[in-house]
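Presented below is the structure to which this report refers.
Only the coordinates and a few stated rules stand behind these numbers; no lab work does. All values reported here derive from a predicted model rather than from experimental measurement. Counting neighbours? That spans all protein chains shown, and the Cβs are built from the backbone with ideal geometry, glycine included.
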Amino acid sequence: MEIRITNLNKTFSSPDGDVAALKNVTLTVPANQVTTLLGPSGCGKTTLLRCIAGLESPDSGEIAFGDQVVWSGQGKKPYSVPTEKRGIGMVFQTYAIWPHMTVFQNVAYPLEARGLPRDEIARRVAEALEFVQLAGFERRPATALSGGQQQRVALARALVSQPKILLFDEPLSNLDAKLREETRRELRRLLTQLGVTALYVTHDRSEALALSDHVVVMRAGEIVEQGSPQEIYFRPKSRFVVEFLGGTNFVEGTLVANEGEWARVETPMGQLLCHGADGMSPGRRVTVYIRSDALSPASPESQEPNRFQGRVESLIFVGEYYDAELRVGETRLMARLATTHSLAEGQETPMTIDPAGCRVLE
Amino acid sequence: MQSGQIGTKWFIAVLLVVVGGLTLGPALMLVVGSFSQGLGAVGTFTLEKYARVYSDARLPQVVLNTVIYSFGSAFLATTLAVILAYLNFRTDIPFRGVLHLLPVVSMMIPHLAYGSSWALLLNPTNGMLNLILQEFGLGPINIYSLPGMIFVEGLLDLPVAYLVIVAAMASFDSSLEEASWVSGRSRAATWWRIILPILRPAILAAITLVLIRSISAFAIPSVLGMPGRIEVLTTFIYRLINVGFVPDYGRAAAVGVSVLGAAVVLVYLYRYLTARSERFVTISGKGYRPTISRLGVWRWPLGLFVLLLGILLVVLPVLVLLYTSLVPYVMAPSAEAFRQLTWRNWTQVLGDPLTLRALRNSIILALGGATLGIILSTLTSYVVVRVRTRSSAVLEALTFLSFSFPGLVIGVGFMWLFARTDLYGTLWALLIGYVAVYLPYGIRPLTSTFIQISKDLEDASAVSGAGFFRTFRKVVAPLALPGVLSGWTLLLVMFVRELDVSTVLARPGSEVLSVQLYRAVADALWGRVAALGLIMVAISTTLVLIANGLASRFSRMGKAG
């Protein structure tokens with residue numbers, strides 16, 4: 001079931017004035033896929049999720065699950081289906097495992113609310129706990145669980161009623177780094193298996209890329225870009241998205257030629273062969289983003305494009321690669337170099353930049 | 001290092017002796033006295049006092065009244081506390097300021113004066129509200145009844161229950177509630193299945209705390225219970241001591257031991273429950289932010305309810321006292337009444353040498369007692385928080401014991417303790433009694449202060465070469481100052497209106513204001529009661545303002561330094 005959001009607005013009033021949390025957001029969350037809302041804190045992603053859950057009330061716009069409108073600001077009084085009638089599942093940032101109940105009681109709760117018979121409840125709770133690999137934990141009090149186990153109980157509780165829509169509010173942010181990576185992998189497997197519409201809020205870019213079929217990047221209450229993880233990573237359109245995904249190398253220049261997929265940009269470090277300038281006319285001032293893994297030292301005799309003479313300013317060994325700072329003319333570039341190269345700080349070296357890693361931004 | 005440890009040991013030993021003497025001393029005297037023949041505390045063993053008092057035909061009714069009274073107050077106070085705490089922390093309720101005011105008021109107003117103002121409003125013959133109700137063909141409501149007493153005691157204990165519930169509500173992760181809505185439960189079902197069960201330990205703790213206070217409450221039963229001949233254990237004990245030619249301390253002690261026993265059980269129950277409640281709420285972890293839910297159409301009705309409660313609890317009683325203090329005799333407000341306004345009650349109260357002496361005594365006791373009490377509290381709570389040995393655990397248990405002390409009952413123990421010394425009948429006797437009974441109220445805010453001061457700060461001082469006492473003076477004490485001042489303020493206002501211990505220990509020459517107030521209540525001199533009550537409110541308010549001024553000055557110094 002897809003989630004359709006149309007022209008949604010939400011303003012919070014605070015002592016320092018009003019803050020627009022959502023500005024005219026229009027978005028379709030594709031059915032039976034994992035979609036992430038990615039953005040820095042305060043970008044409105046959690047507000048959007050809470051509006052979908054019915055925990056927050058928008059000011060205007062419309063939210064629909066498939067054909068059923070669950071919130072609408074049209075008319076004198078907003079129409080709203082209350083949270084408990086929206087038939088969703090949700091995993092909270094703090095897990096929200098009820099401390100006065102056992103694991104079984106926590107997971108059985110949504111089924112009891114729907115008035116299912118006792119044996120049906122027992123069967124489905126067992127299934128859900130099996131699914132999250134917590135079989136045998138039924139009688140444990142919720143207070144006796146580790147963070148990772150609480151997280152899985154929260155997931156079991158969210159999916160036990162087989163909702164068509166599952167919402168996640170930064171569910172991994174309270175786990176430590178190692179557990180977070182494991183859980184991410186497991187969550188991806190479970191969500192693919194379930195095939196429900198999942199909407200997942202996070203500020204962690206690697207989490208968003210690893211988990212989702214569709215990534216929606218937000219900033220200051222607006223959607224900046226959306227697409228598959230590969231599209232967002234390899235073919236970003238805005239500097240904000242690049243910077244949020246960790247990119248640091250930006251070069252200003254003038255577009256001199258646009259030949260189908262490829263474009264030439266005149267920059268202070270020389271002419272760069274890039275892509276991503278579709279529809280732009282020559283003469284335009286542009287910013288070129290260079291991915292740090294696109295740079296590599298070149299053999300003196302090679303004839304590759306984007307060949308420059310550079311100097312190694314600093315070289316830091318971080319294990320899997322070198323973190324290098326290179327200088328071409330006055331331009332400084334951060335590069336990830338394979339450890340197979342034998343370079344030294346202060347060394348002059350010819351180098352190439354893979355045109356596939358150079359992208360013209362709007 | 002070695003000498004430092006020995007110093008600490010001695011320090012704890014001295015504290016144990018002092019705190020133990022203050023708490024176990026009077027309790028033991030009470031028990032010993034109840035089993036001894038004769039008027040003094042020590043004599044031949046006898047069960048005669050028990051036999052006589054427990055065969056008293058009135059006792060079963062008194063016990064029943066006490067149970068109804070204290071449970072009634074506890075349920076009323078706790079129910080209101082849960083509703084108000086939820087409205088304050090979780091909703092967009094208007095008139096929020098009223099909610100912040102509520103806990104302060106019953107701290108400041110003498111309970112005798114508060115009870116009196118309700119007697120003036122709702123006594124069955126000419127209560128001001130009853131007169132208004134009669135205009136509409138309703139009433140009269142009789143405040144001199146068990147429900148009336150429960151109503152007033154419940155309102156007075158509401159702040160105590162409120163503070164306990166708020167502590168749990170403030171750390172209640174709101175997504176616990178939201179997760180229930182998402183699971184398909186309505187708001188009402190969520191209250192029953194999630195909110196109340198999670199708050200249950202805190203709710204039980206609040207009930208227990210109010211039970212302890214209302215079992216040992218003397219002011220309201222004496223103002224509102226005695227006229228209607230509704231006796232509870234405290235007024236029963238009071239009559240044994242103060243009515244008749246010879247005060248019967250022996251029988252009072254024999255009953256008092258049971259009251260004390262019940263209170264001690266409740267105190268340790270309370271301690272167990274608060275520990276449980278903390279375990280329940282600490283689960284929420286990081287990333288917690290409270291969300292405010294909209295009350296919608298209920299917003300203004302509930303807001304008006306809160307406002308009404310504020311008026312009922314604060315404005316009305318104070319206005320009634322002010323009005324009563326300014327009319328020559330009790331009469332309903334009318335044009336005629338306002339023509340007769342007079343300062344007579346005020347000039348009489350302030351011209352009475354006995355009252356002036358009581359005023360001086362009360363201020364001396366409040367300042368001296370609060371200062372002594374807070375010094376002892378600071379040292380004790382520091383040891384309890386930081387020094388984790390068996391003797392510090394004993395120290396903590398001892399301070400908790402005095403939490404249960406009904407002032408009137410333990411006062412008898414103190415009286416016997418002082419009877420053979422020069423302290424008997426002096427202000428020192430009252431001072432020691434005050435500090436002993438109210439020690440936990442100083443210790444509690446300080447314990448939480450010390451828990452918040454990182455141990456590293458002290459270790460850094462030790463590493464820099466400072467010993468235990470130097471570290472305490474140079475590092476710990478300055479950081480704990482805000483907590484010390486707030487504890488000091490709390491003790492000040494409690495001592496200004498202290499009634500229970502004073503009733504037993506005050507003698508001619510060591511009268512205090514509340515005892516004078518009690519005499520005026522007993523003689524039904526309502527104008528004087530009102531004037532004196534307001535004077536006591538004014539003294540507390542002045543002292544609190546001074547303490548707050550000091551606190552803000554110190555905190556500025558802290559920022560500059």
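Overview of values
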quantity: Cα extents of the protein assembly as shown along the three principal axes, largest first (Å); calculated: 120, 76, 63
quantity: Inverse of mean 1/r across different Cα pairs in the range B:71-180, Kirkwood, Å; calculated: 15.7 Å
quantity: Rule-of-thumb Rg ratio for the range B:47-341 [Cα; 2.2 N^0.38 Å; N residues]; calculated: 1.16
quantity: Positive-end residue, the range A:178-240 charge dipole about Cα centroid, Cβ charges, pick of A:211, A:201, A:238; calculated: A:238
quantity: Distant-in-sequence amide H partners of residue A:349 (H built 1.01 Å from N, under 5 Å); calculated: A:310, A:311, A:312
quantity: Computed over chain B, the ratio Rg/Rh where both radii use C-alpha atoms and Rh is Kirkwood; calculated: 0.98
quantity: Assigned charges on the beta-carbon of Lys, Arg, Asp, Glu; chain A dipole about Cα centre (debye); calculated: 1140 debye
quantity: Dipole magnitude (debye, nearest 20) for the range B:47-341, charges at Cβ of Lys, Arg, Asp, Glu; calculated: 700 debye
quantity: Ratio of Rg to Rh over chain A (Cα coordinates, Kirkwood Rh, two decimals); calculated: 1.07
quantity: Of A:45/A:164; A:10/A:76; A:10/A:164; A:23/A:45; A:77/A:164, pairs whose Cα-Cα distance is over 19 Å; calculated: A:45/A:164; A:10/A:164; A:77/A:164
quantity: Percent of Cα pairs exceeding the 22 Å cut-off, where the set is the range B:170-270; calculated: 54 percent
quantity: Reduced Cα scattering model of the range B:315-360, Debye log10 I(q)/I(0), q = 0.28 Å⁻¹; calculated: -0.97
quantity: Per residue, the convex hull volume that the Cα atoms of the range A:1-144 enclose (Å³); calculated: 167 Å³
quantity: Phi-based couplings in Hz for the range A:198-215 (Karplus 6.51, -1.76, 1.60; Gly and Pro marked x); calculated: 10, 10, 10, 9, 7, 10, 9, 5, 5, 5, 4, 5, 6, 8, 9, 8, 9, 10
quantity: Residue order, fewest to most surrounding Cβ atoms within 10 angstrom, among A:60, B:34; calculated: A:60, B:34
quantity: Debye equation applied to the C-alpha atoms of the range A:169-256, log10 I(q)/I(0) at 0.13, 0.14, 0.22 Å⁻¹; calculated: -0.50, -0.57, -1.18
quantity: Rounded to the nearest 20 debye, dipole of the range A:133-276 from Cβ charges on Lys, Arg, Asp, Glu; calculated: 700 debye
quantity: Order by protection proxy (mean Cβ within 10 Å, highest first), peptides A:73-81, B:441-449, A:293-301, B:374-382; calculated: B:374-382, B:441-449, A:293-301, A:73-81
quantity: Proximal lysines relative to residue B:474, as straight alpha-carbon distance under 29 Å, when same-chain residues fewer than 8 apart are discounted; calculated: B:9, B:455, B:559
quantity: Listed residues B:134, B:370, A:151: farthest to the positive end of the dipole of the protein assembly as shown (Cβ charges); calculated: B:134
quantity: Cut-off under 5 Å, modelled amide H: who pairs with residue A:306 long-range; calculated: A:273
quantity: Nonlocal amide H pairs with residue A:218, under 5 Å, H built at 1.01 Å; calculated: A:38, A:39, A:224
quantity: Hydrodynamic radius (Kirkwood) for the range A:97-240, which is based on Cα pairs only, to one decimal in Å; calculated: 16.6 Å
quantity: q = 0.14, 0.20 Å⁻¹, the range B:46-117: log10 I(q)/I(0) [Debye, one scatterer per Cα]; calculated: -0.70, -0.99
quantity: Positive-end extreme of charge dipole, chain A - chosen from A:358, A:300, A:228 (charges on Cβ); calculated: A:228
quantity: Calculated from backbone phi, Karplus (6.51, -1.76, 1.60) coupling profile of the range B:210-224 in Hz, x at Gly/Pro; calculated: 5, 4, 4, 5, 7, 5, 8, 5, 10, 4, 5, x, 6, 6, 9
quantity: Fewest-first sequence of B:494, A:351 by Cβ atoms within 10 Å of each Cβ; calculated: B:494, A:351
quantity: Among B:336-343, A:202-209, B:178-185, the order from most to least packed when residues are scored by Cβ within 10 Å on average; calculated: B:178-185, A:202-209, B:336-343
quantity: Gap separating the Cα centres of the range B:421-488 and the range A:31-82, nearest whole Å; calculated: 53 Å
quantity: Cα Rg, Dmax, the range B:454-525, angstrom units; calculated: 21.3, 65
quantity: Fewest-first ranking of B:388, A:311, using other Cβ atoms within 10 Å as the exposure measure; calculated: B:388, A:311
